[in-house]
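Notes for the one structure printed next.
The values are calculated or read from the model by the stated rules, or taken from the named source; none is laboratory data. Please read all numbers here as calculations on a predicted model, not as lab measurements. Here the Cβ positions follow ideal geometry from the backbone for every residue, glycine too, while neighbour counts run over all protein chains shown. When the accessible area is computed, the model is the full protein with side chains, heavy atoms only, and any ligands, DNA or RNA have been set aside. Shrake-Rupley method; radii C 1.70, N 1.55, O 1.52, S 1.80 Å.
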Amino acid sequence: DDDLVSTKLQTRPPSSIDTDAPCECTEVTATSRHYVDRLFDPDPQNVLQGVIDMKNAVIGNNRQKANLIVLGAVPRLLYLLQQSSSSLELRTECAVVLGSLAMGTENNIKSLVDCHIIPALLQGLLCSDLIFIEACLRCLRTVFISPVTPVQLLYTDPTVIPHLMSLLSLSQHTQEYITQIFAHCCKTPEHQTVLFNHGAIQNIAPLLISPSYKVRMQALKCFSVLAYENAQVSMTLVNVLVDGEQLSQVFVRMMQRDKPIEMQLTAAKCLTYMCRAGAIRTDDNCIVLKTLPCLVRMCSKERLLEERVEGAETLAYLMEPDIELQRIASVTDHLVSMLADYFKYPSSVSAITDIKRLDHDLKHAHELRQAAFKLYASLGSNDEDIRKKVMHSILLYYIVSALFFKKKSMA
């Protein structure tokens, strides 16, 4: 079977490659053709050196990556990667180059997927060499986190998920890459079920106390997507112990102010989803005293615009069905008035002093307003006093805005 797949991936000789294929670069250079020609050298040592030289040539060079793709380098690299007769060093270098090509444009990713890079790399994971496995996983991670890659490709072969689970224990690199793949490819209840049934919770929970921040963060993101609107997963998470500590308490520790904002926010999302799924009571201290205040902090103007959007949307989702949480949130850190700042982008100051800042503000202005209205709606959905406070805040904003623009036009 391996030989059959490899034969299908065997590309045409360099002389017959169609250089008129569409390409984002303006011309196919002779140097690029030379790199591809070397992949067909009869001497394996020359092929290895050619692949290494290609690796060095494509780093940070999107034009070179596009050139090599249009010249047919990908099918040949995949062929060499899958050949059991190739040295492990050559196969590993091929995986590294493919990973570098995947770090280019979205068109590069599309070309790689069209060349069936995913099944070829998944097949490579059956090898026993750790360095080769890590190179394949690193490339797979880069391909799968791209928005143009169909995530369903991870679930086509039912043996893939259990095999990935078995690779988690090999190294911190395999843990980081695999959990990142899971976090990006868990999009539906069916995906959640597949991962749950193959032991995702038991295998990933210990990674939350890994010495590697990247591993801890990707494991946390996994639990966030697994628990979202999933009662089965959430109920299971409540009873999980990590090094003798309840998982919910691990999440609470990750929300402490001294932790990175990304970690605080993702841990708060995990507890929010568990609460909404009915696994944690809304009056539990980890929700009232930890999760809700953490999400309110994410709404402050000290946070990045992206963090403020995510914080507001998550907070709105947390308290949407519970009037007591709405009342607590309405008097926490001046949340209602804080949300008025969400309507101040783009600001007139940023337009004058920093074009990049203006562009950034414009991109997020709509998301900020949308998040603010979601939170306002959630806050005022049950309590009349809160509703009046919300309406007063919104009305005050529009009055101030109207006065500002009137003054500006008169000037």
Practice task
Could you tell me what percent of the accessible area of the range 93-223 is made up of carbon and sulfur, with a 1.4 Å probe and every protein chain present?
Solution key: 58 percent
Completion exercise
Taking the dipole of the range 161-279 about the Cα centre (Lys, Arg +1; Asp, Glu -1; charges at Cβ), the one of VAL242, PHE196, MET217 that reaches farthest to the positive side is MET217
Handout entry: Greater than 27 Å apart at Cα, pairs in LYS221/LYS259; LYS290/LYS374; LYS221/LYS374; LYS55/LYS259
Key = LYS55/LYS259
Fill in the blank from the handout: Pseudo-spin-label distance HIS163 to ILE52, built 7 Å along Cα→Cβ, given in nm, is 2.9 nm
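Report the charge-dipole magnitude of the range 51-170 in Debye, nearest 20, computed about the Cα centre from +1 at each Lys and Arg Cβ and -1 at each Asp and Glu Cβ.
Charge dipole, the range 51-170, about its Cα centre: 260 debye, nearest 20.
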